Amino acid sequence: QVQLVESGGGSVQAGGSLRLSCEASERTSVGWYRQTAGKEREFVSAINSHGGSTRYVESVKGRFTISRDNVKNTVYLQMDKLKPEDTAVYYCSRMSSKLSIRLGSWGQGTQVTVSS
């Protein structure tokens, strides 16, 4: 079973930037999701195993960039122009090759807090 570990969360002011990392035990398509208290986990972005296909939720387009380093088996989520509504626990997960289905279990997540 592919193991994924998130890191890179923290606290920033609105307009700031953070980069999240998702290290995988093998090359796989990866998606980022986020969840705030009392809300369902929502899809944020995904990238396929070769890096040639990406997806973003509308609310982060133009602000977040997903990328990967296949030597390190690590997927990054560069988050710029952060807003308070981006505050959440962020999780990475395996995705199907067409980035349409989430697979596997959840990791421990990493907290992102954006203050106004």
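The values are calculated or read from the model by the stated rules, or taken from the named source; none is laboratory data. Since this is a predicted model, take the numbers as computed values, not measurements. In this analysis, Cβ positions are derived from the backbone assuming ideal geometry, glycine residues included, and neighbour counts consider all displayed protein chains. Surface areas here come from the heavy atoms of the whole protein model, side chains and all, with no ligands, DNA or RNA. Shrake-Rupley method; radii C 1.70, N 1.55, O 1.52, S 1.80 Å.
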task: Report whether or not Arg34 is under 15 Å from Thr110 (Cα atoms) and modelled with pLDDT of 95 or more.
output: yes
message: Between a residue in the range 90-108 that is among the hydrophobic types (A, V, I, L, M, F, W, C) and any residue that is surrounded by 11 or more Cβ atoms within 10 Å (Cβ to Cβ) and not in a strand (DSSP E or B), which pairs come within a Cβ distance under 7 Å, given they are 6 or more apart or on different chains?
response: Cys92/Gly107; Met95/Ser29; Met95/Ile101; Leu99/Ser29; Leu99/Asn48; Leu99/Ser53; Leu103/Ser96
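Out of all the residues in the range 46-56, is one or more closer than 14 Å to Gln3 by Cα, of a type in the set (Val, Ile, Thr) and either touching a residue at least 60 places away in the same chain (Cβ under 8 Å) or open to solvent by 40 Å² or more (accessible area, probe 1.4 Å) (or both)?
No - not one qualifying residue is present in the range 46-56.
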field: Residues located in the range 65-102, provided they are open to solvent by less than 60 Å² (accessible area, probe 1.4 Å) and part of a loop (DSSP other than H, G, I, E, B)
entry: Asn70, Asn73, Asp80, Leu82, Thr87, Ser96, Leu99
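So that you can scan it fast, the table gives a plain yes or no per residue for (1) under 28 Å from Ser116 (Cβ atoms); (2) in contact with an Asp or Glu (Cβ under 6 Å, 6 or more places away or on another chain):
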site: Val2; (1), (2): no, yes
site: Ser17; (1), (2): yes, yes
site: Ser53; (1), (2): no, no
site: Asn70; (1), (2): no, no
site: Lys81; (1), (2): yes, no
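For the range 1-37, give me each residue that is in a loop (DSSP other than H, G, I, E, B), of a type in the set (Gly, Ala, Ser) and exposed (fewer than 13 other Cβ atoms within 10 Å of the Cβ).
Gly15, Ser17, Ser25, Ala37
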